[in-house]
Amino acid sequence: ATTGPLEKDEEITLTIELDDPEIPPMKVLADVLWTARRLDDGYHSGLKFLGLDRNQIRLMERYINDRLATERKLH
């Protein structure tokens, strides 16, 4: 989520902080694929991560799999 729109096809650098204390913040490069206004006047965007290293991919996969397993247990 952002307070303003991101430009489509712009490359941005961002820091991802996941809610897992075992995963440190990750600085990544991303390409903006789309941006849309939200009902609360903020914006959200679709990003394509660029140049992730193996460790970053492994950590993100672990995080996503853990969250999916938690969702399955709750439903």
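The values are calculated or read from the model by the stated rules, or taken from the named source; none is laboratory data. Note that this is a predicted model, so its numbers are computed, not measured. All Cβ positions, glycine included, derive from the backbone under ideal geometry; neighbour counts span all protein chains shown. The area values use the complete protein model at the heavy-atom level, side chains included, leaving out ligands, DNA and RNA. Shrake-Rupley method; radii C 1.70, N 1.55, O 1.52, S 1.80 Å.
Quick look at the numbers
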| quantity | calculated |
| --- | --- |
| Every pair of residues 6+ apart whose Cβ atoms lie under 6 Å, when the first sits in the range 54-69 and is farther than 14 Å from Asp19 by Cβ and among the hydroxyl-bearing types (Ser, Thr, Tyr) while the second is open to solvent by 40 Å² or more (accessible area, probe 1.4 Å) and in a helix (DSSP H, G or I) | none |
| Selection within the range 14-31 - among the charged types (D, E, K, R), open to solvent by less than 100 Å² (accessible area, probe 1.4 Å) and either more than 20 Å from Arg62 (Cβ to Cβ) or in a strand (DSSP E or B) (or both) | Asp31 |
| Test set (1) assigned to a loop (DSSP other than H, G, I, E, B); (2) over 27 Å from Lys8 (Cα atoms) - Arg72 fails condition number | (1) |
| Qualifying residue in the range 32-49 (condition: within 16 Å of Asp9 (Cα to Cα), surrounded by 11 or more Cβ atoms within 10 Å (Cβ to Cβ), touching a residue at least 12 places away in the same chain (Cβ under 8 Å) and in contact with a helix residue (DSSP H, G or I) (Cβ under 9 Å, 6 or more places away or on another chain)) | yes |
| Residue within the range 36-43 that is closer than 17 Å to Thr3 by Cβ and small (Gly, Ala, Ser) present | yes |
| Qualifying residue in the range 47-64 (condition: in contact with a Pro (Cβ under 9 Å, 6 or more places away or on another chain) and polar (S, T, N, Q)) | no |
| Residue ID - surrounded by the fewest Cβ atoms within 10 Å (Cβ to Cβ), chosen from residues in the range 1-13 that are modelled with pLDDT of 95 or more and outside any loop (DSSP other than H, G, I, E, B) | Thr13 |
